[in-house]
Amino acid sequence: MGVVRLIVIGGDAAGMSAASQARRRRGPDDLEILAFERGDYTSYSACGIPYWVGGLVDGPEALIARDPERFRTHRIEVRTGHEVTGIDLDKRTVTVRAGSHTFEEGFDQLVYAAGATPVRPPWADTPAGGVFGVQTLGDGAALREWLAPGRKTAVVVGGGYIGVEMAEALVRRGLTVTLVEKAPQPMSTVDPDMGALVAEAVRGLGIDLRTGVTVSALETDGDRVRAVVTDAGTIPADVVVLGLGVRPNTALAEAAGLPLGPAGGLVTDLRQQVTDGIWAAGDCTQVLHRVSGRPAHVPLGTHANKQGRVAGINIGGGYATFPGVVGTAITKICDLEVARTGLSSREADAAGYRYVTATIESTNRAGYFPGAVPMTVKVLAERGTGKLLGAQIVGRTEAAKRIDAFAVAVWNRMTVTEMTSLDLGYAPPYAPVWDPILIAARKAEQALRG
Ligand SMILES: Cc1cc2nc3c(=O)[nH]c(=O)nc-3n(C[C@H](O)[C@H](O)[C@H](O)COP(=O)(O)OP(=O)(O)OC[C@H]3O[C@@H](n4cnc5c(N)ncnc54)[C@H](O)[C@@H]3O)c2cc1C
């Protein structure tokens with residue numbers, strides 16, 4: 001048998017994890033790997049963009065894990081500035097555009113890892129400068145360049161975790177920042193009562209947070225943005241940052257006839273295969289939510305890397321599966337840490353669960369120990385079974401990573417009663433004698449009895 005040809009569409013987390021894993025298992029005499037990336041960078045950390053814009057970390061080089069040169073040493077050919085514009089499944093070819101040049105390349109195996117597309121409402125489509133998404137390192141570089149002459153006012157539209165991280169970054173840059181969110185609280189991935197704590201922290205940073213407000217237009221003066229028009233007034237803006245969420249980037253796959261699921265992403269089997277020899281991974285796919293039992297679109301780097309790895313192992317002749325997600329996410333606003341896992345109340349309602357909630361206040365360390373600060377923990381437990389359905393944490397130092405213990409418990413379908421006896425680490429510098437996790441589990445157990 002001749003050399004198998006693998007083409008990868010998308011040169012970031014999912015695509016290059018797949019390429020790297022496949023290469024580890026099959027040498028160049030057996031497998032040729034050619035990846036197309038329409039942007040300028042490969043294997044970059046979009047997650048680092050807010051910290052780069054805010055001046056906390058260097059970029060863009062520091063945010064790149066592997067560049068094309070490095071991949072070449074591993075016999076993986078990556079072509080940046082190359083956009084795949086079509087897939088022909090019958091002919092097993094892709095059409096590629098590089099500048100004004102268009103050509104076709106054949107494949108035996110294909111990894112579709114085109115990521116997600118930021119939501120960009122019609123009002124954001126303007127030729128005027130000063131309106132930015134933050135999806136790629138190119139976006140980050142363009143925003144930094146725009147900020148350089150000392151812009152003064154910024155409006156961030158969308159109060160999800162990326163919007164909140166960007167608002168903080170712009171404050172760090174010395175701008176006067178307004179954050180506009182149409183929901184009643186920012187960070188709607190946590191329950192509104194926990195989101196209220198986030199709102200307090202956002203305002204504490206000096207950000208003008210406007211909730212329940214919808215943007216309808218931009219005002220421009222020819223070549224640059226001047227203000228954001230909302231249903232509650234007009235807000236001056238030298239720069240507008242969009243953080244309105246993303247959708248799976250499936251246009252090419254859809255045009256080729258590949259199946260999309262109810263969550264909008266490509267449907268794969270457990271091995272990340274869509275159909276014979278066609279694989280998909282990362283933000284362009286839907287995943288199984290292990291608690292709701294439903295398909296979900298959860299565009300996070302942690303999943304993209306794992307899914308890409310699974311696809312690559314299978315392409316390389318091994319066997320691996322991606323078992324789904326439990327909805328764990330973590331972020332921070334200034335020194336306030338926010339984390340969640342499992343289902344929020346809204347998600348549990350949508351899935352049809354009947355459940356109790358319990359919210360507790362505790363501290364990260366023994367109350368008497370220097371640096372002890374408050375934290376709030378909320379848990380959801382299923383009526384009847386007592387199964388932990390989800391948890392949310394808002395607090396300061398060392399609060400948020402406690403979510404990992406909850407994530408393991410959700411993953412393993414533990415009950416809150418089982419959780420009350422968990423053997424968690426205790427010493428005064430690390431936790432009160434009853435860790436907040438144990439206190440929250442106990443309170444949920446009481447709520448179930450009540
Ligand atoms: C500001 C920001 C902060 C984030 N923070 C976190 C975080 O803290 N934690 C976390 O887990 N996740 C975070 N994420 C999400 C994470 O970055 C993504 O989930 C991850 O990058 C998805 O990887 P991917 O390979 O599926 O897609 P992408 O990283 O989007 O890569 C897809 C690539 O495909 C290329 N491409 C698309 N179409 C074509 C085509 N037709 N031809 C050629 N190339 C194409 C794109 O240019 C892109 O480089 C953040 C994202 C952003 C934007």
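Between Val78, Val84, which is touching a Ser or Thr at 6+ places or on another chain (Cβ under 6 Å), buried (at least 17 other Cβ atoms within 10 Å of the Cβ), within 30 Å of Met166 (Cβ to Cβ) and β-branched (Val, Ile, Thr)?
Val78
Output the number of residues of the stretch 245-259 satisfying the condition of being in contact (Cβ under 8 Å) with a residue 24 or more places away in the chain, away from the ligand (no atom under 12 Å from the Cβ) and either surrounded by fewer than 16 Cβ atoms within 10 Å (Cβ to Cβ) or over 11 Å from Ala280 (Cα atoms) (or both).
1
Please work out which one of (1) closer than 30 Å to Asp88 by Cβ; (2) crowded, with 18+ Cβ neighbours inside 10 Å; (3) within 16 Å of the ligand (Cβ to nearest atom) is the condition Val267 fails and give its number.
(2)
The rows are residues; the columns are (1) aliphatic (A, V, I, L, M); (2) under 20 Å from Leu252 (Cα atoms); (3) more than 25 Å from the chain's Cα centre (by Cα); (4) more than 12 Å from the ligand (Cβ to nearest atom).
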{"position": "Val3", "(1), (2), (3), (4)": "yes, no, yes, yes"}
{"position": "Val8", "(1), (2), (3), (4)": "yes, yes, no, no"}
{"position": "Asp12", "(1), (2), (3), (4)": "no, yes, no, no"}
{"position": "Ser20", "(1), (2), (3), (4)": "no, no, no, yes"}
{"position": "Arg24", "(1), (2), (3), (4)": "no, no, yes, yes"}
{"position": "Gly27", "(1), (2), (3), (4)": "no, no, yes, yes"}
{"position": "Glu32", "(1), (2), (3), (4)": "no, no, yes, yes"}
{"position": "Phe36", "(1), (2), (3), (4)": "no, yes, no, no"}
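Scan the stretch 286-297 and report the pairs whose first residue is within 15 Å of Val410 (Cβ to Cβ) and modelled with pLDDT of 95 or more and whose second residue is surrounded by fewer than 17 Cβ atoms within 10 Å (Cβ to Cβ) and of a type outside the set (Phe, Trp, Tyr), with Cβ atoms within less than 6 Å and a gap of 6+ or a chain change.
Listed by first residue and then by second, the contacts come to Ser292/Ala351.
Return the pairs, sorted by first residue and then second, in which the second residue is of a type outside the set (Ser, Thr, Tyr) and outside any strand (DSSP E or B), the first residue lies in the stretch 199-220 and is without any contact (Cβ under 8 Å) to a residue 24 or more places away in the chain and over 23 Å from Val131 (Cβ atoms), the beta carbons are less than 8 Å apart, and the residues are 6+ apart or on different chains.
These pairs meet every condition: Ala199/Gln185; Ala199/Pro186.
Would you confirm whether any residue within the stretch 299-313 is under 22 Å from Pro248 (Cα atoms), surrounded by 19 or more Cβ atoms within 10 Å (Cβ to Cβ), within 14 Å of the ligand (Cβ to nearest atom) and charged (D, E, K, R)?
yes
Conditions (1) in contact with a His (Cβ under 9 Å, 6 or more places away or on another chain); (2) in contact (Cβ under 8 Å) with a residue 60 or more places away in the chain; (3) of a type in the set (S, T, N, Q), marked per residue:
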| site | (1), (2), (3) |
| --- | --- |
| Asn314 | no, no, yes |
| Glu337 | no, yes, no |
| Arg340 | no, yes, no |
| Ala350 | no, no, no |
| Val356 | no, yes, no |
| Tyr368 | no, yes, no |
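Tell me the residue from Val57, Val53, Val78 that is over 18 Å from Ala22 (Cα atoms) and in contact (Cβ under 8 Å) with a residue 12 or more places away in the chain, please.
Exactly one of Val57, Val53, Val78 is over 18 Å from Ala22 (Cα atoms) and in contact (Cβ under 8 Å) with a residue 12 or more places away in the chain, namely Val53.
Being crowded, with 18+ Cβ neighbours inside 10 Å and of a type in the set (A, V, I, L, M) is the filter; apply it to the stretch 228-243 and report the residue that is farthest from the ligand (Cβ to nearest atom).
Per the criteria, the residue is Ile235.
Residue check: is Val3 touching a strand residue (DSSP E or B) at 6+ places or on another chain (Cβ under 6 Å), loosely packed, with under 14 Cβ neighbours inside 10 Å and either among the hydrophobic types (A, V, I, L, M, F, W, C) or within 30 Å of Thr331 (Cβ to Cβ) (or both)?
Considered against the rule, which asks whether it is touching a strand residue (DSSP E or B) at 6+ places or on another chain (Cβ under 6 Å), loosely packed, with under 14 Cβ neighbours inside 10 Å and either among the hydrophobic types (A, V, I, L, M, F, W, C) or within 30 Å of Thr331 (Cβ to Cβ) (or both), Val3 comes out as yes.
Limited to the stretch 407-443, what total is found for residues that are within 14 Å of Val379 (Cβ to Cβ), over 29 Å from the mean Cα position of the chain (by Cα) and not basic (Lys, Arg)?
5
Looking at the stretch 1-49 only, could you name the residues that are touching a Lys or Arg at 6+ places or on another chain (Cβ under 8 Å), part of a strand (DSSP E or B) and aliphatic (A, V, I, L, M)?
Val4, Leu31, Ile33, Leu34, Ala35
How many of the residues in the stretch 81-107 are among the aromatic types (Phe, Trp, Tyr) and not in a strand (DSSP E or B)?
1
When only residues in the stretch 378-394 that are out of contact with any Gly (no Cβ under 8 Å at 6 or more places or on another chain) and crowded, with 24+ Cβ neighbours inside 10 Å count, which is farthest from Arg340 (Cα to Cα)?
Looking at the filtered set, the residue picked out is Ala381.
Residue by residue through the stretch 326-351, note down the ones that are out of contact with any strand residue (DSSP E or B) (no Cβ under 9 Å at 6 or more places or on another chain), under 19 Å from Leu205 (Cβ atoms) and away from the ligand (no atom under 14 Å from the Cβ).
Result: Cys334, Asp335.
Which of (1) more than 9 Å from the ligand (Cβ to nearest atom); (2) buried (at least 16 other Cβ atoms within 10 Å of the Cβ) does Thr42 not meet, given it meets every other one?
That leaves (1) as the condition not met.
Sort out which residues of the stretch 270-312 are assigned to a helix (DSSP H, G or I) and hydroxyl-bearing (Ser, Thr, Tyr), and write them in order of number.
Correct list: Thr302 only.
Where in the stretch 129-216 are there strands (runs of 3 or more DSSP E), lying wholly inside it, with at least 2 residues that are surrounded by fewer than 24 Cβ atoms within 10 Å (Cβ to Cβ) and in contact with a strand residue (DSSP E or B) (Cβ under 8 Å, 6 or more places away or on another chain)?
176-181, 208-211
Only one residue in Thr178, Thr234, Thr220 is of a type in the set (Ser, Thr, Tyr) and within 23 Å of the chain's Cα centre (by Cα), so which one is that?
After ruling out the rest, the residue left standing is Thr178.
The values are calculated or read from the model by the stated rules, or taken from the named source; none is laboratory data. Bear in mind that the values here come from a model prediction, so they are computed numbers and not experimental data. We place every Cβ from the backbone using ideal geometry, glycine too, and count neighbours over all the protein chains shown.
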